[in-house]
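Got a structure here, written out as structure tokens. Questions coming.
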């Protein structure tokens, strides 16, 4: 999950089990140079992909939640999972749009 809103973390993330939370600030991530922005996204993505692949090898189920900018990473991770994603939840703020995709 990628979110900087602690309320979302308290309400949507299971209290038990292994959970990886990636918190991003668009102010720190997005720059005037698109190549630098993509490089920063790749850094977070690569780390998240490594954790997800380890979880899959251990036989754990995978659920992904993307909030706002985090949708970029969660949707890309779902495409690279090579396993069934139990739930892929996408929350889009601001635009008052929301999409929930259940596996």
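Quick note: the coordinates plus some simple rules give every number you see, no bench work behind them. Values in this document were obtained by computation on a predicted structure and should not be read as measured data. For neighbour counting, all protein chains shown are included, and Cβ atoms are generated from backbone atoms with ideal geometry for every residue, glycine included.
By per-residue mean of other Cβ atoms within 10 Å, what is the highest-first order of 73-79, 47-53? Let's see the in-between values first.
Numbers: 73-79: 17.6, 47-53: 15.9.
Top of the packing list down: 73-79, 47-53.
Please sort 29-38, 82-91 by packing, taking for each peptide the average over its residues of neighbouring beta carbons within 10 angstrom, highest first. Write down the numbers at each step before the final one.
Values: 29-38: 11.3, 82-91: 15.3.
Sorting 29-38, 82-91 by mean packing, highest first, produces 82-91, 29-38.
Determine, for 19, 67, 56, the number of other Cβ atoms within 10 Å of each Cβ, and report the residues in order from fewest to most. Write out the running numbers ahead of the final one.
Working: 19 12, 67 22, 56 15.
Lowest count first: 19, 56, 67.
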